[in-house]
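To keep things clear, I will list the structure first and then write my remarks on it.
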Amino acid sequence: MSENEGFKALYNKYRPNQFSEVVGQKHIVRILQNSLAHHRISHAYLFSGERGTGKTTIARILAKALNCLEGIQPEPCNRCENCLQVGSASFLDLIEIDAASNTSVDDIRDLREKVRFRPSTGRYKVYIIDEVHQLSRSAYNAFLKTLEEPPDHAIFVLATTDPHRVLATIRSRCQHLRFRRHNHSDTVAALTRVADGENVMV
């Protein structure tokens, strides 16, 4: 590593950048790629599963595929300006919100005001709301109106480790995708990829 190259944690260095690199969630990838191929995108997704199963990673890849300058397709090009900006967390139309620290109704009202504006450079504004089950009841009620009448340029990805705590009225307006725990072979495949990339003998 050169002196000018900053340290990068392995989990960030080897985070999947496209659907083909995702480990252990073939059923999720297949559903999303089929939707992208036929341009039949849901306005809201609920990604549920344990920590570390790839919910946020797949949400970011979905944002790339939706906004890729080569067109909406099952796999983002990872070369265009939009794909590169999503990868570097500088894409203005990808908004990530941590519901654990933005739980109030005022936070959601602010979201509702801003979601009406069209995307800056992409086709869609993609909102990733992590740990969505931690929103307050009043915040849920404020958010429900947006899910019932979403603008055509907005896609919501709600991620949670505890889907049963998400209000039924919210769940019913989302396409619910359940992430599986990684099994032994998934873990070996992921570790092998990292070891090969780091030139480590296993």
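The values are calculated or read from the model by the stated rules, or taken from the named source; none is laboratory data. Since we're looking at a predicted model, the values are computed, not measured. Glycine gets a Cβ as well: all are built from the backbone with ideal geometry, and neighbour counts include every protein chain shown. The protein model used for the area step is the full one, side chains on, heavy atoms only, and it has no ligands, DNA or RNA in it. Shrake-Rupley method; radii C 1.70, N 1.55, O 1.52, S 1.80 Å.
Calculate the length of the line joining the C-alpha centroid of region 16-89 to that of region 125-193, in whole Å.
Here the answer is 14 Å between Cα centres.
Could you derive backbone 3J(HN,Hα) for region 12-18 from the dihedral phi with the Karplus parameters 6.51, -1.76 and 1.60 (θ = phi - 60°), listing whole Hz in sequence and x where the residue is Gly or Pro?
Listing the rounded values in order: 7, 4, 10, 5, x, 9, 8 Hz.
In whole percent, how big is the carbon plus sulfur part of the accessible area of region 24-157, probe 1.4 Å, protein atoms only? Please report the intermediate quantities before stating the final value.
Numbers: 2910 of 6240 Å².
Roughly 47 percent, rounded to a whole number.
Could you give the length gained by full extension between residue 70 and residue 199, i.e. 0.36 nm per residue of separation minus their alpha carbon distance, to one decimal place?
On the way: separation 129, 0.36 × 129 = 46.44 nm, distance 3.37 nm.
Extending this stretch completely gives an extra 43.1 nm.
Between residue 178 and residue 113, 0.36 nm times their residue separation minus their Cα-Cα distance comes to what?
Details: separation 65, 0.36 × 65 = 23.40 nm, distance 3.00 nm.
Gain in length upon complete extension: 20.4 nm.
How big is the charge dipole of the chain about its Cα centre, in debye rounded to the nearest 20, if each Lys and Arg gets +1 on its Cβ and each Asp and Glu gets -1 on its Cβ?
Values: 27 positive and 23 negative charges, 136 e Å.
Rounded to the nearest 20 debye, it is 660 debye.
Just tell me which lysines come within less than 19 Å, Cα to Cα, of residue 114; anything on the same chain fewer than 8 places away is out.
Straight-line reach from residue 114, under 19 Å: 125, 145.
Please give the calculated 222 nm ellipticity per residue for the chain, where each DSSP H segment of at least 4 residues contributes -39500 (n - 2.57) and the sum is spread over every residue; nearest 500 deg cm²/dmol? Before the final figure, lay out each step's value.
Details: 8 runs with 77 residues, N = 202.
Helix contribution divided over all residues of the chain: -11000 deg cm²/dmol.
Under 14 Å from the 7 Å Cα→Cβ point of residue 169, by amide nitrogen: which residues of region 118-140?
136-140
Of 110, 186, 130, which is the most mobile in a GNM of the chain whose springs link Cα atoms less than 10 angstrom apart?
So, out of 110, 186, 130, the one fluctuating most is 110.
From the gyration tensor of the Cα coordinates in the chain, what semi-axes in whole Å does the equivalent ellipsoid have, largest first, with each one equal to sqrt(5λ)?
Working: eigenvalues 167, 78, 59 Å².
They are 29, 20, 17 Å, listed largest first.
In Å², and per residue, what accessible area does region 61-119 have when probed at 1.4 Å with the other protein chains present?
Working: 3070 Å² over 59 residues.
Result: 52 Å² of accessible area for each residue.
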